[in-house]
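Working notes, beginning with the structure itself.
The values are calculated or read from the model by the stated rules, or taken from the named source; none is laboratory data. What you are looking at is a predicted structure, and each value in this text was computed from that prediction instead of being measured. Cβ placement follows ideal geometry from the backbone for every residue including glycine, while neighbour counts extend to all protein chains displayed.
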Amino acid sequence: MTTQNTAPGTNRPTLVQQLGARKPIEAFMAEAGSGTGGPHLRRSLGLLHLTMISVGATLGTGIFVVLSSAVPMAGPAVWISFAIAGLAAMFAALSYAEMAGAVPVSGSSYTYTYATMGEGLAWICGWCLVLEYAVSVAAIAVGAGEYINEMTRTLGVDLPAALTNPPGYEGGVFNVPALAIVLFATVLLVRGTKESAMVNTVLVFMKIAVLIFFIVIAFSAFTSGNFDPLLPMGTAGVSAAAARLFFSYIGFDAASTAGEEAKNPQRDLPRAIVLSMVIITTLYILVAVSAIGARQWTWFSGKSAALVQLLEEVTGQSWVALLFAAGAVLAIVSIVITVLYGQTRILVAMSRDGMVPAVFGRISKSTGAPVAGTWITGGSVALVAGLIPLGQLADATSIGTLFAFSLVSLAVILLRRSQPDLPRTFKVPLYPVTPILAILFCGYLMLNLGSTTWIVFGIWMAVGAGIYLGYGRRKSKLAAQWDSRVKH
């Protein structure tokens with residue numbers, strides 16, 4: 001932290017000074033590498049595990065959950081919306097890959113922002129990540145509840161709406177399946193990182209197989225006429241759908257939260273992030289094209305678990321729909337596991353800096369995982385999943401994520417200027433065009449989100465500012481070090 005003048009009569013920094021105070025990268029690396037002072041996160045993840053964390057946290061959300069609501073917005077051009085959202089995500093992913101290779105520690109964009117832009121924006125970024133990870137887990141779990149309903153219907157059993165829908169939605173009282181899925185993921189995570197990563201890897205390969213199965217079946221009923229007209233809702237509809245579908249790409253940054261649990265983070269983190277984005281975008285576009293080819297775009301309106309119903313209509317076999325619905329549930333479980341994993345690691349990093357209570361950073365000696373923080377986070381998310389409808393969650397998550405991605409892309413530019421000689425195992429191509437395009441794409445998609453979403457985001461930021469001023473600023477360890485330096 002650079003030397004600055006403190007306010008007269010005090011050894012604490014002024015608010016402006018503290019908001020701009022940066023934590024040195026060396027300090028982050030020392031905390032991650034030493035493991036002194038108690039139990040620490042264990043390095044047990046290789047390239048395959050890291051790639052599967054990124055794929056597992058991302059692949060399936062847009063296809064299994066959000067596709068049905070995006071098709072009526074864009075029409076047959078929904079695959080273009082996927083491509084636009086994927087391009088924006090890829091630009092951001094390249095920025096994440098560079099930062100993950102240069103600063104291979106837990107904390108993801110929160111850490112990158114703290115090192116380049118100061119404590120104020122770091123807190124805002126971390127607060128956005130709480131929205132991104134925790135709320136997206138809840139939203140995804142709600143979507144899993146829809147597929148569980150489809151599974152039971154194919155078996156001739158209708159689950160009561162009161163126990164499968166959130167309040168205010170078709171007679172819902174509490175979404176029990178969503179609650180159960182989040183609690184299952186929580187139990188798995190507290191057992192240890194390596195164990196949960198192995199389970200996730202198996203689940204990811206299973207959901208890739210399920211999506212390939214869908215693509216093959218859907219293409220067997222392909223009709224090119226379903227793409228005419230391509231843009232019934234105009235380019236505005238395509239843009240609006242792209243903003244909604246960006247939710248589908250949330251999660252690729254989960255690998256960057258594993259910086260302290262990767263065996264070779266500087267080599268493997270950038271590779272895992274880029275490789276996962278290629279896999280995810282390719283499968284999303286193929287599924288979208290095959291789905292529209294099999295059914296006219298108007299068919300998707302109002303459909304829940306649309307892909308299951310499409311398979312059942314195309315094949316006429318209920319067992320096919322049952323198989324796909326089961327695969328969708330397993331796919332969504334893997335997303336919940338990996339995204340919840342990322343959330344707990346963000347909180348570990350923030351707790352080290354005093355931004356959140358120390359309980360979130362306590363590591364178990366036996367499992368090497370933040371057990372207490374995982375239980376608190378998982379329990380809170382489970383309640384949100386049981387009580388809040390999906391649509392409201394998806395849009396609120398997208399805006400917070402887009403803002404965090406913009407900060408990471410800006411961090412690449414700032415770090416290149418401030419520390420040009422810092423070792424980097426990956427560099428974004430076409431610098432500075434790539435990070436600038438990432439910022440512009442994210443800003444464009446944010447502007448295409450509805451006014452209600454912006455209002456919710458504003459309220460969320462106001463609450464975050466209140467928490468920082470009332471807790472984070474007083475507990476900040478960086479500010480305490482400032483105090484110590486002035487005394488000496």
Determine whether LEU94 is surrounded by fewer than 24 Cβ atoms within 10 Å (Cβ to Cβ), in a helix (DSSP H, G or I), in contact (Cβ under 8 Å) with a residue 60 or more places away in the chain and not aromatic (Phe, Trp, Tyr). no
Restricted to region 163-195 and to residues being among the small types (Gly, Ala, Ser) and modelled with pLDDT of 80 or more, the residue nearest to LEU340 (Cα to Cα) is ALA185
Tell me the residue from VAL135, VAL130 that is in a helix (DSSP H, G or I), modelled with pLDDT under 90, touching a Leu at 6+ places or on another chain (Cβ under 6 Å) and under 23 Å from ILE376 (Cβ atoms), please. VAL135
Residue match in region 302-309 (condition: touching an Asp or Glu at 6+ places or on another chain (Cβ under 7 Å) and part of a helix (DSSP H, G or I)): yes
From the list VAL142, VAL157, VAL130, pick out the single residue that is β-branched (Val, Ile, Thr) and surrounded by 24 or more Cβ atoms within 10 Å (Cβ to Cβ). VAL142
Evaluate region 246-263: report whether one residue or more is at pLDDT 85 or above, closer than 30 Å to TYR110 by Cα, among the small types (Gly, Ala, Ser) and in contact with a helix residue (DSSP H, G or I) (Cβ under 9 Å, 6 or more places away or on another chain). no
Spot the failing condition for GLY56; the list is (1) outside any helix (DSSP H, G or I); (2) of a type in the set (Gly, Ala, Ser); (3) within 13 Å of the chain's Cα centre (by Cα), and only one is missed. (1)
Output yes when any residue across region 218-240 is of a type in the set (S, T, N, Q), buried (at least 22 other Cβ atoms within 10 Å of the Cβ) and closer than 27 Å to LEU323 by Cα, and no when none is. no
Among the candidates VAL308, VAL287, VAL278, which residue alone is closer than 28 Å to VAL329 by Cα, surrounded by fewer than 20 Cβ atoms within 10 Å (Cβ to Cβ) and among the hydrophobic types (A, V, I, L, M, F, W, C)? VAL278
Could you tell me whether THR201 is without any contact (Cβ under 8 Å) to a residue 60 or more places away in the chain and crowded, with 16+ Cβ neighbours inside 10 Å? no
